[in-house]
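Undergrad: The structure follows.
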Amino acid sequence: MSTVLFSSVVRVGDGLPLSASTDYEQDKELQETKRHLKALSKKLGQFPDRCTLKTGPYNVNFTSALGVGYLMVCTSSYPNVLAFCFLDELQKEFIVTYDSKRIRSAVRPYSFIEFDTFIQKTKQRYNSPRSLSTKINLADMQTEIRLRPPYQLSPEDLQAANGFSVHTASKYKAPSQVLQPVVLSGVVSCVLSLLCGGLNLLRGVHAIESILQNDDEDFNYVIAFFLGTAACLYQCFLFASFSVWRNLKSFLAFSLICLSNMYLYELRNVWQILFHVSVGAFMALQIRLRQPLGKAPDYNV
């Protein structure tokens with residue numbers, strides 16, 4: 001029978017258990033799987049934010065977000081999409097119920113044991129798929145798993161989590177995010193940004209030639225031109241690929257474009273400066289608009 005057997009909520013930073021479901025299963029294999037889960041909960045920060053570990057007849061699935069990890073044990077035949085929908089419900093409810101300050105300040109294990117009531121109710125629902133099917137929408141989670149499938153942990157990964165290997169942890173990387181399709185405005189912004197970068201590079205090379213011919217030239221102009229080139233190219237890179245703090249990096253690159261053009265006001269007229277700044281702003285807007293398709297839900301709304 002496909003069922004959810006056990007679930008727990010832990011703090012990612014130190015593995016402190018915050019809440020867990022109560023169960024009375026005495027199966028030896030299940031108890032061994034729960035020991036694996038306990039070991040993993042202390043090393044969640046070393047793993048991607050969505051993982052699955054197969055241990056004989058059982059699976060351990062977990063997700064982590066905002067410094068909190070949500071783990072569950074289910075039978076190996078339990079559908080993957082239902083398992084992560086279950087964890088997603090726990091995550092949403094826990095975030096709404098407890099603020100981050102209270103979570104960080106918790107010092108005793110199972111400080112939020114009252115959350116077990118919600119875990120048990122949710123577990124009962126997910127163990128009755130007929131009554132569950134009308135209450136949740138599986139399409140979003142199916143799309144999420146297809147675009148960003150859970151990392152499949154192996155026994156070697158488990159050994160690393162238990163401390164038998166100190167070198168394996170460094171290989172973990174969060175699964176790559178898939179960005180939204182490129183639209184015409186994005187292509188135009190990239191072309192214009194590359195054009196600005198090329199103009200800055202060309203002017204920088206000419207500035208170097210002027211310095212070699214005339215010692216009175218200011219070398220800082222060369223630096224300003226090359227920084228402008230680097231900022232334009234970096235904006236194109238951010239537009240083309242996913243990166244952590246992507247919008248912030250784009251804003252910093254745009255700020256660098258503005259500062260370099262302010263320094264070059266003696267070498268450029270107002271229209272040239274406006275062109276470079278406008279292209280940088282347009283590129284920053286396109287980066288902000290092109291969000292990942294697999295972006296985690298926003299719980300601040």
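The values are calculated or read from the model by the stated rules, or taken from the named source; none is laboratory data. All values derive from a computational prediction rather than experimental measurement. When we count neighbours, we look across all protein chains shown, and the Cβ atoms used for this are built from the backbone with ideal geometry, even at glycine. Surface areas here come from the heavy atoms of the whole protein model, side chains and all, with no ligands, DNA or RNA. Shrake-Rupley method; radii C 1.70, N 1.55, O 1.52, S 1.80 Å.
Undergrad: Taking T97 as the residue in question, decide whether it is of a type outside the set (D, E), more than 20 Å from I119 (Cα to Cα) and either at pLDDT 85 or above or surrounded by 20 or more Cβ atoms within 10 Å (Cβ to Cβ) (or both).
TA: Numbers: of a type outside the set (D, E): yes; more than 20 Å from I119 (Cα to Cα): no; either at pLDDT 85 or above or surrounded by 20 or more Cβ atoms within 10 Å (Cβ to Cβ) (or both): yes.
So T97 fails the test.
Undergrad: Which residue out of L285, L192, L238, L248 is within 30 Å of P149 (Cα to Cα), open to solvent by less than 60 Å² (accessible area, probe 1.4 Å), among the hydrophobic types (A, V, I, L, M, F, W, C) and assigned to a helix (DSSP H, G or I)? Write out each step before concluding.
TA: On the way: L285 fails: open to solvent by less than 60 Å² (accessible area, probe 1.4 Å); L192 fails: within 30 Å of P149 (Cα to Cα); L248 fails: open to solvent by less than 60 Å² (accessible area, probe 1.4 Å).
Exactly one residue qualifies, and that residue is L238.
Undergrad: Picking from C232, C258, which residue would you name as being in contact with a Ser or Thr (Cβ under 8 Å, 6 or more places away or on another chain), surrounded by 15 or more Cβ atoms within 10 Å (Cβ to Cβ) and modelled with pLDDT of 90 or more?
TA: Checking each option against the conditions leaves just C232.
Undergrad: Only residues that are open to solvent by less than 20 Å² (accessible area, probe 1.4 Å), β-branched (V, I, T) and at pLDDT below 80: list them for the stretch 1-34, please.
TA: Of everything in the stretch 1-34, just one residue is open to solvent by less than 20 Å² (accessible area, probe 1.4 Å), β-branched (V, I, T) and at pLDDT below 80, namely T33.
Undergrad: When both residues are 6+ apart or on different chains and their Cβ atoms are under 8 Å apart, which pairs have a first residue that lies in the stretch 74-90 and is over 16 Å from S7 (Cβ atoms), and a second that is of a type outside the set (D, E, K, R) and in a strand (DSSP E or B)?
TA: Taking only residues 6 or more apart or on different chains, the pairs are S76/Y58; S76/N59.
Undergrad: Any residue in the stretch 208-225 that is closer than 19 Å to L256 by Cβ and at pLDDT 80 or above sitting within a Cβ distance under 6 Å of a residue that is of a type in the set (V, I, T) and open to solvent by 80 Å² or more (accessible area, probe 1.4 Å)? List the pairs, counting only those 6 or more apart or interchain.
TA: Within 6 Å, no pair qualifies.
Undergrad: A further question follows. Could you list, in sequence order, all residues of the stretch 267-282 that are open to solvent by less than 40 Å² (accessible area, probe 1.4 Å) and modelled with pLDDT under 90?
TA: Once the filter is applied, which keeps residues that are open to solvent by less than 40 Å² (accessible area, probe 1.4 Å) and modelled with pLDDT under 90, the stretch 267-282 yields only R268.
Undergrad: Please work out which one of (1) open to solvent by 50 Å² or more (accessible area, probe 1.4 Å); (2) modelled with pLDDT of 90 or more is the condition D298 fails and give its number.
TA: With respect to (1) open to solvent by 50 Å² or more (accessible area, probe 1.4 Å); (2) modelled with pLDDT of 90 or more, D298 is out only on (2).
Undergrad: Could you look through the stretch 44-65, keep only residues that are aromatic (F, W, Y) and under 21 Å from the mean Cα position of the chain (by Cα), and pick out the one that is nearest to K28 (Cα to Cα)? Give the steps one after another, and end with the answer.
TA: Within the stretch 44-65, the subset aromatic (F, W, Y) is 47, 58, 62.
Subsequent filtering for residues that are under 21 Å from the mean Cα position of the chain (by Cα) retains 47, 62.
On the way: F47: 26, F62: 21 Å.
Checked the stretch 44-65; the qualifying residue nearest to K28 (Cα to Cα) is F62.
Undergrad: Open to solvent by 10 Å² or more (accessible area, probe 1.4 Å), touching a residue at least 24 places away in the same chain (Cβ under 8 Å) and among the polar types (S, T, N, Q): does that describe S64?
TA: It is true that S64 is open to solvent by 10 Å² or more (accessible area, probe 1.4 Å), touching a residue at least 24 places away in the same chain (Cβ under 8 Å) and among the polar types (S, T, N, Q).
Undergrad: While we're here: Please find, within the stretch 153-189, the residue that is modelled with the highest pLDDT out of those that are open to solvent by 70 Å² or more (accessible area, probe 1.4 Å) and of a type in the set (S, T, Y).
TA: Residue satisfying both the conditions and the ranking: S176.
Undergrad: Hey, another quick one. Yes or no: the stretch 202-221 includes at least one residue that is crowded, with 18+ Cβ neighbours inside 10 Å and under 33 Å from the mean Cα position of the chain (by Cα).
TA: No, because not a single residue in the stretch 202-221 is crowded, with 18+ Cβ neighbours inside 10 Å and under 33 Å from the mean Cα position of the chain (by Cα).
Undergrad: Return yes or no: is K42 open to solvent by 70 Å² or more (accessible area, probe 1.4 Å) and not aromatic (F, W, Y)?
TA: So K42 passes the test.
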